[in-house]
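Engineer: Structure below; questions to follow.
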Amino acid sequence: EIILAIETSCDETAVALVKNGTEIMANVVASQIESHKRFGGVVPEVASRHHVEQITVVMEEALQNAGITMEDVTAVAVTEGPGLVGALLIGVNAAKALAFAHGLPLVPVHHIAGHIYANRLITEMKFPLLALVVSGGHTELVLMKEHGSFEVIGETRDDAAGEAYDKVARTLNLPYPGGPHIDQLAQDGEPVLNLPRAWLEADSYDFSFSGLKSAVINTVHNAAQRGEIIKPEDLAASFQASVIDVLVEKTARAAREHHVKQVLLAGGVAANKGLRAALEAKFSDLPYELIIPPLNLCTDNAAMIAAAGSIAYQKGKRADWALNGVPGLDLEAQ
Ligand code: ATP
Ligand code: MG
Ligand code: FE
């Protein structure tokens, strides 16, 4: 079985070919970061236009890298949502055209399911498992009892982790996307500033990062007013320590409560060096297998959509020619 997958939910135009849901034959990602940088964030209209320009090129490159033709493809999988509606539509329409022209089944995939299934490209998934999803738009703890079943046991009540990283980075005048820059700075700093940690109710697996974000912004402004100097490295390290403490503690507690076999890390913020190291340290003496994907499978790509799409294909999930992009697609309804 060979799945051709298309991902265009945000600012990466991506096409991948994956064999049997686990073996990457090609994984092409055209990033638009350079085009959005000058605006300090993703501009939806610009994103859609780039996807239109890139999608055919990226698709042809993927087939060429894999050394196969459309004759060899079993099904076409595509990100249905969540994401920017105009961006999603480009991928959905490309997938429909391709599936229709070649008489192939069309399989809709949830973007966050894709982030979680990036782990299937590394190792076999064992259930029950817990996924910590930390991305630009999501921060969630997802419990999976079997393939294709998702229970969100905790989620952010305000900003996503990646969003907080990007906003704090903007306060420090770092380029978009800020996450990797904060990560880099934090390596050279000390977490000396006392910033808040939003634990919320004792039994809650929810998250909140807007208070922390505001505390960072206030700290910077107050220091500037008093003419004091705070090392950006220390600010980054302190912010990152606050984020990581809460993520790691809640993940460990949820793993214990739900007696999971594996803990998977997923989403763009999973590329964070501090988070990866803290999870590895915490889980080294806990009885759960911790899986952390390589960096290129953490940020948006289409191989992860193929890995999730292969399971959906096997389960008989199909879309018809009326398939649309759904910006607020529900993970639990998958
Ligand atoms: P979603 O997946 O929720 O729809 P998205 O697809 O835009 O959102 P991703 O591509 O999964 O998000 O992740 C992008 C986010 O990851 C950005 O906020 C970026 O700053 C953050 N990020 C990437 N690398 C790092 C890093 N090393 N440290 C912290 N954050 C990072
Ligand atoms: Mg992106
Ligand atoms: Fe994403």
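Just so you know, all these numbers are worked out from the coordinates, no wet-lab data involved. What you see is a predicted model, and the numbers here were worked out from it, not measured in a lab. Glycine gets a Cβ as well: all are built from the backbone with ideal geometry, and neighbour counts include every protein chain shown.
Engineer: Gain in length, Glu53 to Arg170, computed as 0.36 nm per residue apart minus the alpha-carbon separation, to one decimal in nm? Before the final figure, lay out the partial values.
Structural biologist: Values: separation 117, 0.36 × 117 = 42.12 nm, distance 2.90 nm.
Roughly 39.2 nm would be gained on extension.
Engineer: Straight distance only, please: which lysines reach the Cα of Lys213 with their own Cα at less than 26 Å, same-chain residues fewer than 8 apart left out?
Structural biologist: Correct list for Lys213: Lys37, Lys167, Lys231, Lys250, Lys273, Lys282.
Engineer: Let me spell out the model: positive unit charges on the Cβ of Lys and Arg, negative unit charges on the Cβ of Asp and Glu, origin at the Cα centre of the chain. What dipole size does that give, in debye rounded to 20?
Structural biologist: In debye, rounded to 20, the chain gives about 120.
Engineer: Return the equivalent ellipsoid semi-axes of the range 206-334 as a descending list in whole Å, where each equals the square root of 5 times an eigenvalue of the C-alpha gyration tensor.
Structural biologist: Here the semi-axes work out to 35, 22, 14 Å.
Engineer: Considering amide H positions built from the backbone, and no H for Pro or chain starts, which residues 5 or more places from Ala26, or on another chain, come under 5 Å of its amide H?
Structural biologist: Placed amide hydrogens put Leu17 under 5 Å from Ala26.
Engineer: Go through Val109, Asn194, Val152 and say which Cα lies farthest out towards the positive end of the charge dipole of the chain; charges sit on Cβ, +1 for Lys and Arg, -1 for Asp and Glu.
Structural biologist: In the chain, that residue is Asn194.
Engineer: So if I average 1/r over every pair of distinct C-alpha atoms in the range 91-247 and take the inverse, what Kirkwood radius in Å does that give? Walk me through the numbers before you get to the answer.
Structural biologist: On the way: mean 1/r = 0.0559 Å⁻¹.
Result for the range 91-247, one decimal place: 17.9 Å.
Engineer: Could I ask something else about it? Just to be sure I understand the rule: take each whole DSSP H helix in the chain, project its Cα atoms onto its long axis, keep it if the span is 30 Å or more and its mean Kyte-Doolittle hydropathy is at least -0.5. Which ones pass?
Structural biologist: 44-66, 232-257
Engineer: To make sure I understand the rule: partners must be lysines, Cα under 17 Å from the Cα of Lys126, and not fewer than 8 residues away in the same chain. Which ones qualify?
Structural biologist: Lys126 reaches Lys145, Lys261.
Engineer: With Kirkwood's inverse mean 1/r over C-alpha pairs for Rh, give me the Rg to Rh ratio of the range 134-179, two decimals please.
Structural biologist: Answer for the range 134-179: 1.17.
Engineer: Sorted from largest to smallest, which semi-axis lengths in Å does the alpha carbon gyration tensor of the chain give for its equivalent ellipsoid, taking the root of 5 times each eigenvalue?
Structural biologist: They are 35, 23, 16 Å, listed from largest to smallest.
Engineer: Also: Roughly what % antiparallel, to the nearest 5, for the DSSP beta bridges in the chain?
Structural biologist: On the way: 24 of 42 bridges.
If we restrict to bridges inside the chain, about 55 percent are antiparallel.
Engineer: Here's something else I'd like to know. Counting Lys and Arg as +1 and Asp and Glu as -1, each charge on the Cβ, what is the dipole of the range 106-155 about the Cα centre in debye, to the nearest 20?
Structural biologist: For the range 106-155, the charge dipole is close to 140 debye.
Engineer: Label point 7 Å out from Phe100 along Cα-to-Cβ: which residues of the range 300-321 have amide N under 15 Å?
Structural biologist: The answer is 319-321.
Engineer: A further question on this structure: Is the range 209-251 rounded, prolate or oblate when judged by the Cα gyration tensor, a ≥ b ≥ c being the square roots of its eigenvalues, rounded requiring a/c under 1.5 and prolate requiring a/b larger than b/c?
Structural biologist: Here the range 209-251 falls in the oblate category.
Engineer: With charges set only on the Cβ (+1 for Lys and Arg, -1 for Asp and Glu), what does the dipole of the range 1-160 come to about its Cα centre, in debye to the nearest 20?
Structural biologist: 80 debye
Engineer: Per-residue ellipticity at 222 nm for the chain, helices alone: DSSP H runs ≥ 4 residues times -39500 (n - 2.57), over residue total, nearest 500 deg cm²/dmol?
Structural biologist: Working: 11 runs with 142 residues, N = 334.
Counting only the DSSP helices, I get -13500 deg cm²/dmol.
Engineer: In the calculated pair distance distribution of the range 1-142, what percentage of Cα-Cα distances lie above 28 Å? Can you show the working numbers first?
Structural biologist: Details: 1749 of 10011 pairs.
I get 17 percent for the Cα pairs in the range 1-142 exceeding 28 Å.
Engineer: Also, I was wondering about something else. Using the Cα atoms of the range 116-195 to build a convex hull, what is its mean projected area in square nanometres?
Structural biologist: Over every viewing direction, the Cα hull of the range 116-195 projects on average to 7.2 nm².
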